[in-house]
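**Q** Before I ask anything, let me first share the structure, which is written out below as structure tokens.
The values are calculated or read from the model by the stated rules, or taken from the named source; none is laboratory data. Bear in mind that the values here come from a model prediction, so they are computed numbers and not experimental data. Note that we place each Cβ from the backbone using ideal geometry, even for glycine, and neighbour counts take in every protein chain shown. Ligands, DNA and RNA are excluded from the accessible area calculation, which covers all protein heavy atoms including side chains. Shrake-Rupley method; radii C 1.70, N 1.55, O 1.52, S 1.80 Å.
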Amino acid sequence: MAQLPDDHVGIGPRRLCVGRLMAEASQLFSSSAEPTDTPSASKRFIISLVIIGLMSGIDLAWTLIAHQSGTMRELNPVGGRLIEDTYTLVAFKILVTSISISLLFYLRLQPLARKATWWCCLVLTLLTARWLTFQSLFA
């Protein structure tokens, strides 16, 4: 029976994300935010997009491992159909994540896109924490 990855696999990315979220929250949500067209703002935004891609990949891997080991059941009806065929699920996840990241990158100069990226990183960080908790229940 396959197991979810060890805790240290998820803790590193989660620490990175929490650190970035905390560092950027005050700048992003303050009224005197840094202009979005500076090189440092662009670099931070691109790093956030990379984090979204990596954390989505971790979520996909852990979902597949948990499903194949029989330790979880997908309650989402769309996800339930996709998870039955691994290749379809992987293709769907890559397609949706790529489109989302591309749209955020295209709209990168918009304050709303920067806030949406921050929220995506937060949600994916919380999802990773949930996976680590889920794994510890079966360890």
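**Q** Please report how far the C-alpha centroid of the stretch 38-58 lies from that of the stretch 89-133, rounded to the nearest whole angstrom.
**A** Distance between centres, Cα-based: 9 Å.
**Q** Separate question: Multiply the residue separation of VAL96 and LEU122 by 0.36 nm, subtract the distance between their alpha-carbon atoms, and state the gained length in nm to one decimal.
**A** 7.5 nm
**Q** I need the phi-derived Karplus couplings for the stretch 103-120: 6.51 cos²θ - 1.76 cosθ + 1.60, θ = phi - 60°, integer Hz, Gly and Pro marked x.
**A** 5, 4, 5, 4, 9, 4, 7, 7, x, 5, 5, 5, 5, 4, 5, 4, 5, 4
**Q** Another question about this same structure. When you count, for each residue, the other Cβ atoms within 10 Å and take the mean per peptide, how do 75-86, 114-125 rank with the highest first?
**A** 114-125, 75-86
**Q** If you stretched the chain out fully between LEU107 and ASN76, how much longer would it get, using 0.36 nm times the residue separation minus the C-alpha to C-alpha distance?
**A** 8.2 nm
**Q** Could the peptides 49-55, 88-94 be put in order, highest first, of the mean number of other beta-carbon atoms found within 10 Å of their residues?
**A** 49-55, 88-94
**Q** Give me the 1.4 Å probe accessible area per residue for the stretch 78-136, excluding ligands and nucleic acids, in Å².
**A** Per-residue value: 64 Å².
**Q** How much length is gained if the chain between ILE46 and THR133 is pulled fully straight, taking 0.36 nm per residue apart and subtracting their Cα-Cα distance, in nm to one decimal?
**A** 28.4 nm
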